[in-house]
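Chemist: Just dropping this structure here.
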Amino acid sequence: MLRKMGEAVARVARKVNETVESGSDTLDLAECKLVSFPVGIYKVLRNVTDQIHLITLANNELKALTSKFMTTFCQLRDVPVEKLAAMPALHLINLRFNPLNAEVRVIAPPLIKFNMLMSPEGARAPPP
């Protein structure tokens, strides 16, 4: 079991390092067996968080994302609405102060059964 956990941690580290080194706007953490978003990732990505526009967390075991996740990655644009709509236990997602594309703003509300908090289009987060 410890070996599998070690392999999962190594996989996450490898994917994060690839994102940092390539300067990519995408962080792909799909199929990493995550049960929460690793706190250490915030430190590693601190110099590139502004350029990350897409984060893939598909096929993990996440139960929640913290407010730190939402404030750190406040420039996300695309939201997989269909996948979120298929999550029966999801009650709320806070996407305030993200420059969501128009499609998400129009398509999401009729499809989802949970509360999706969004700021008005073009709104900016207050300074920290």
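The values are calculated or read from the model by the stated rules, or taken from the named source; none is laboratory data. Remember, predicted model here, so these are calculated numbers, not experimental data. Areas reflect the complete protein model, heavy atoms only, side chains present, ligands, DNA and RNA absent. Shrake-Rupley method; radii C 1.70, N 1.55, O 1.52, S 1.80 Å.
Chemist: Need one value: the accessible area of Lys43 in square angstrom, 1.4 angstrom probe, rounded to the nearest 10.
Modeler: Lys43 has an accessible surface of roughly 140 Å² with all protein chains in place.
Chemist: Distance check, please: which entries in Lys43/Lys63; Lys33/Lys63; Lys33/Lys68 exceed 18 angstrom between their Cα atoms?
Modeler: From the list (Lys43/Lys63; Lys33/Lys63; Lys33/Lys68), the Cα-Cα distance tops 18 Å for Lys43/Lys63; Lys33/Lys68.
Chemist: So who's got an amide H within less than 5 Å of the one on Asp28, skipping anything under 5 residues away but keeping other chains? H placed 1.01 Å off N, in plane.
Modeler: The list, which skips near neighbours in sequence, is Thr56.
Chemist: With N denoting the number of residues in the range 1-66, provide Rg(C-alpha) divided by 2.2 N^0.38 Å, to two decimal places.
Modeler: 1.08
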